[in-house]
Structure formats: structure tokens, C-alpha cells
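The values are calculated or read from the model by the stated rules, or taken from the named source; none is laboratory data. Nothing here was measured: the structure is a model prediction, and the numbers come from that model. Here the Cβ positions follow ideal geometry from the backbone for every residue, glycine too, while neighbour counts run over all protein chains shown. In case anyone asks, the SASA skips ligands and DNA or RNA and just uses the protein heavy atoms, side chains included. Shrake-Rupley method; radii C 1.70, N 1.55, O 1.52, S 1.80 Å.
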Amino acid sequence: MSHRLIHYRQRAIVRQNGRCFYCGLPVVPKENLDNFALLHGLSPARAGALQCTAEHLQARCDGGPDKEENIVAACITCNQRRHRMKPAPAPDTYAKIVRGQMERGAWHKRPLLRA
């Protein structure tokens, strides 16, 4: 990841109060995953579902720029699931899907909901 994207991701984390843009759970920088897992009694693999990514609201493959206004912080789970959908839904549509799943407890594995 470029230094610019890392910077935009870090700014997005602050803007979003350390929460995923889609699911609202804490996002954790890769270098802090082990400490986060230990603190919350999670396995490193389970905590890895909350690894922070720089999510392009408009995907790069669709012409989305590497600009701060196009970058939000999202957990790796939300980021990857969005882009596996073909076509990937618009960010606001996807956020509604994720929030609906979160309300039913069907998005992240249960132990993450307590983290």
C-alpha cells in the first residue's frame, strides 16, 4: 500500500472514531491485531476479521481515485464481501445490507460482537 493510502486510511480511522464504515465494529491496524486479540480474548485469526483496510468508495477498477474523499476505513471482512458481489453495490446500499445483517447477528461471527 502506498504511503498516501496509509495516510488516508489513518485519517479515515480518526474521522470514523475507529469504527468500520459499514458494520460499525472497531477497525484494527494490522500491526495491532495481536494486542487487540489478547485484550478481547479473541484468537488472532478471529481478530483478523477486523483488520483495517483503505476502502475505495468508488473502486479503483471503476475509475475511483486514490483521493482522501474516496477513502474510508473498513474492516477487511466488509471490504472483501462488498467487492465479491458482482456488481459491487454502491456504498450506501451496501451499508444498509451490512447493518441489516448486523441487527440479525448474521454478519460477523458472534465473539466479534462483544469486542
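Tabulated results
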| item | result |
| --- | --- |
| Stretch gain in nm, segment D92-N32, where the contour uses 0.36 nm per residue and the Cα spacing is subtracted | 18.7 nm |
| Sum of -39500 (n - 2.57) over DSSP H runs of 4+, divided by residues of the chain (222 nm, nearest 500) | -12000 deg cm²/dmol |
| Environment charge at V28 (Cβ cut-off 13 Å; Lys +1, Arg +1, Asp -1, Glu -1) | +2 |
| Largest-first ordering by accessible area, 1.4 Å probe, given options Y8, Y94 | Y8, Y94 |
| Relative contact order %, the chain, counting alpha carbon pairs below 8 Å whose residues are six or more apart | 28 percent |
| M1-M85 FRET efficiency (beta carbon distance; Förster radius 22 Å; 0.05 resolution) | 0.45 |
| Where labels lie 7 Å past Cα in the beta-carbon direction, separation of V14 and K67 in nm | 2.1 nm |
| Amide hydrogen neighbours beyond the local backbone of V28, cut-off 5 Å, H modeled | Q51, C52 |
